[in-house]
1. In a GNM of the chain with a 10 Å cut-off on Cα contacts, which of 212, 72, 133 has the highest mean-square fluctuation?
2. Of the residues 245, 217, 177, which exhibits the maximal mean-square fluctuation in a Gaussian network model of the chain defined by a 10 Å Cα contact cut-off?
3. Before rounding to the nearest 500, sum -39500 (n - 2.57) across all DSSP H runs of length at least 4 in the chain and divide by the residue total; then give [θ] at 222 nm in deg cm²/dmol.
4. Skipping prolines and chain starts, which residues have an amide H placed within reach, meaning under 5 Å, of the one on residue 3, given they are 5 or more residues away or on another chain?
5. Over the chain, give the accessible area per residue in Å² for a 1.4 Å probe, as an integer.
6. When DSSP beta bridges are limited to those with both residues in the chain, what percentage is antiparallel, rounded to the nearest 5?
7. How many Lys pairs in the chain lie less than 29 angstrom apart by Cα atoms, where the lysines are 8 or more positions apart or on different chains?
8. Could you please state how large a percent of the accessible area of the chain is carbon and sulfur, counting protein chains only and using a 1.4 Å probe?
Amino acid sequence: RPTLDCSIRLSSASYPLARIYPPGVVPDVSGDLQLLAAAVERFFERGLGERGVDLSVASDIPPGSGLGSSSTLAVALVQALSSYTGSPCDAATAAEIACEIEIERLGMPIGRQDQYASAFGGLNAIEFQPGGTRVTPLRLPPDTLDALSDRMLLFSTGQTRSAAGILAQQRLDTGSKPVVIESLHRIKELAGEMVSALSSGDLDVFGGLLHTSWQEKKRLSDRISSGDIDRWYKAARSSGALGGKISGAGGGGFLLLYCPPEAQPRLRLTMATLGLPEMSFGFDSSSATVVHTSRQKVSAGFDFALAHDSLDVP
């Protein structure tokens, strides 16, 4: 929302933190709330500097979960600020600007898949090429998509981690360790096989490929898995899961598992016994969406409240 004095006010309910900048001052991206500051900086010359903004963010997903919350927030910021400044953009442009902010401006050693996933929504095959990025929706029959959703279970490890540290080391190893290059190529091949399996409705084949891909991913860095993660995953496989992986860069966060319906009661019992709570989730066909309020509320002052909500993964 606009501010009365054209200042820039940034706040996050997740930490909580707040920063205020006088009219015409570009936010400093080196301190706290750097993602918000970098997004505002990106749109500063598009009228944001003259108009000002009161920008507040909140997330139900904890940082370091591996669920792509940071890049999803980046896309949401781009969509919101582009609309706010009168220059709305399409999904591909929003994803590219989000990548620019995170990777180029802030120097985060991350990939580009999370930005494209949240910008486009749905289930997609995403190909990153030197000439650009191609997003191909997987238009599965409704019964196949429902069956896939029913077979995917998500469990919290209760551990968070810094993706930047894991990915930075992986990037260094990519240039010096042949085994990392081999695994990356194999993971890419497996992604193509997964697309074929899903397109043909071979869901259990997809589950097995997920297991193979996880074994390859662990070869990328010794920080991707851990003794606990390996123990939990082995127990899950013994309880009927055909495959799975730690979401995101690895090292903690959430354990995603593929399990046929008949084996799920046993799997859930095993995970509960190990202390891993299940998190409900489902597929969403919509993309990042801007919602305009019916009222333009201008803030004359600055107030901040932190809401303590229970974790719910949409």
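1. Residue with maximal mean-square fluctuation among 212, 72, 133: 133.
2. 177
3. Computed ellipticity for the chain at 222 nm equals -12500 deg cm²/dmol.
4. Sorted by chain and number, the residues that satisfy this are 53, 54.
5. On the way: 15880 Å² over 314 residues.
Result: 51 Å² of accessible area for each residue.
6. Numbers: 22 of 28 bridges.
So the antiparallel bridges in the chain amount to around 80 percent.
7. So the count works out to 14.
8. Numbers: 8490 of 15880 Å².
Of the solvent-accessible surface of the chain, carbon and sulfur hold 53 percent.
The values are calculated or read from the model by the stated rules, or taken from the named source; none is laboratory data. Keep in mind the model is a prediction, meaning the values are calculated, not measured. Note: areas computed on protein heavy atoms with side chains; ligands, DNA, RNA excluded. Shrake-Rupley method; radii C 1.70, N 1.55, O 1.52, S 1.80 Å.
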